[in-house]
Amino acid sequence: MSISPEPRDLRGYAGRWPDFRWPNGARLAVSVVVNFEEGSEQQVGDGDPRSEPMGEVMSVVPPGVRDGGQESIFGYGPRAGLWRMLDALEGTALPATIFFCGRAVQRIPDLARECVARGHEAAAHGWRWRPHADYATPGAEAADLDRCIAAIRDATGETPAGFFCRGGESPWTRALLRERGFLYASNAFDDDLPYYDWEGGSPLLVVPYALDTNDMKFFHPNGFVRALEMVDYVTDALDVLEEEAARGLPRLLNIGFHLRICGRPARFPAFRDTLRTLAARGDRIWVARRDAIARAYAAAVPATHPCEMRRASEDGRPREGLGAGRR
């Protein structure tokens, strides 16, 4: 018996990207993300059935047994790594988006507050560091999403406008985000620009993220080993996207970091030198918080329903707010 595949948009902009510039006049925007997850991962000591297995090494402690080693590996992030990374951001005067897990914020609200006090965006990263795809019901996911929002608001005074979870979303995650007035979602890795998701009939802006220009690859066997490898990799991405921007094509580059990964001394140069590389490019790029990127895109590109865009394309008419992007 054949099974019909789930609908997937594999076309995107179909080579006809919006024609606009970011607020500083550049065609290339860059989002720097710092993940604040430590204290929200699975740990037997917190009542979970097993501890998170992925860290500096794969855990050899069996499920059901408390893993003090993994707890302390995660603990390094907020205890030490956070301060190096905040100081490096301050030293280059670059803004970041902080993906806050609610339970982590609840445990160390003063550290979350410090991040926001330094001008960085508070975005929601789920209540726990877990895939939202594994929620069995909308009600269970909604309850945890509300707990995350409340923890961030209580600690920082900011209500998160953006959302990204570990792994993937559930079938109803974006409906829950719409109900709560989120500006954007980021569980997407499929484009170099934001776009609108029309599922449910109303647009939700998607600001894609990236896992290749991400320090999690230090924890993967096919990833980075030395700090310079990540800096070189990010530089290659910047060079390619700047070349496309020079041809009039607007673009977005996402770079992700974690407190327990690039907060470590040997990997910290990957964070520090990436920031210095971004700062050295000046107004050729626009480094901004994700909420600012989302608002700038929404102001430049109207939320046109895909059916209208398709009809315009078939008729040979220019789509409103869209063009070849070559100016």
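Listed values, structure above:
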| item | result |
| --- | --- |
| Cut-off under 5 Å, modelled amide H: who pairs with Val30 long-range | Leu253, Trp286, Val287, Ala288 |
| Between the stretch 188-202 and the stretch 62-107, the Cα center-to-center distance that results, in Å | 29 |
| The chain, accessible surface, carbon-and-sulfur percent (1.4 angstrom probe) | 52 |
| Residues of the stretch 68-92 with amide N under 18 Å of a point placed 7 Å along Cα→Cβ from Phe219 | 68-83, 85 |
| Peptides ranked, highest mean first, by Cβ atoms within 10 Å: ranges 101-113, 278-290 | 101-113, 278-290 |
| Fraction of beta bridges assigned by DSSP in the chain that are antiparallel (%, nearest 5) | 15 |
| Translational diffusion of the stretch 37-169, µm² s⁻¹ [Kirkwood Rh, Cα pairs; Stokes-Einstein; 37 °C; 0.692 mPa s] | 212 |
| The chain, dipole about Cα centre (Lys/Arg Cβ +1, Asp/Glu Cβ -1), debye to the nearest 20 | 580 |
| 3J(HN,Hα) from dihedral phi, the stretch 15-28, Karplus parametrisation 6.51/-1.76/1.60, rounded to Hz, x for glycine, proline | x, 10, 7, x, 9, 7, 10, 6, x, 8, x, 6, 9, 10 |
| Estimated FRET transfer efficiency (Arg66, Asp283; beta-carbon r; R0 56 Å; 0.05) | 0.65 |
| Inverse mean reciprocal Cα-Cα distance (Kirkwood Rh) of the stretch 1-75, Å | 17.3 |
| Cleavage-rule hits, trypsin sites (Lys or Arg not before Pro), the stretch 1-54, DSSP coil, Cβ neighbours within 10 Å at most 11 | Arg8, Arg11 |
| Given charges at beta-carbon only (K, R positive; D, E negative), |dipole| of the stretch 166-319 in Debye | 580 |
| Note, ³J(HN,Hα) from phi for the stretch 186-194, Karplus 6.51, -1.76, 1.60, rounded to Hz, x at Gly and Pro | 10, 7, 7, 10, 10, 7, 9, 8, x |
| Between 0 and 90°, nearest 10: helix 82-92 axis offset from the chain longest Cα axis | 40 |
| Label-point separation, Asp239 to Arg16 (7 Å along Cα→Cβ), nm | 3.4 |
| Computed Kirkwood radius, in angstrom, where 1/r is averaged over Cα pairs of the chain | 20.7 |
| Estimated vicinal HN-Hα couplings, Hz - the stretch 273-286 in sequence order (Karplus 6.51, -1.76, 1.60; Gly, Pro = x) | 6, 5, 4, 5, 5, 5, 4, 5, 7, x, 7, 5, 10, 10 |
| Distance between modelled label sites at Met58 and Asp87, nm, 7 Å Cα→Cβ extension | 3.6 |
| Cβ-placed point charges (K, R +1; D, E -1), dipole of the stretch 104-226 about Cα centre in debye, nearest 20 | 400 |
| Between helix 227-246 and the chain: long-axis angle, C-alpha atoms, 0 to 90°, nearest 10 | 10 |
| Nearest 10 degrees, 0 to 90: helix 138-156 Cα axis against the chain principal axis | 80 |
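The values are calculated or read from the model by the stated rules, or taken from the named source; none is laboratory data. All values derive from a computational prediction rather than experimental measurement. Quick reminder, even Gly has a Cβ in these numbers, built from the backbone with ideal geometry, and neighbours come from all protein chains shown. Ligands, DNA and RNA are excluded from the accessible area calculation, which covers all protein heavy atoms including side chains. Shrake-Rupley method; radii C 1.70, N 1.55, O 1.52, S 1.80 Å.
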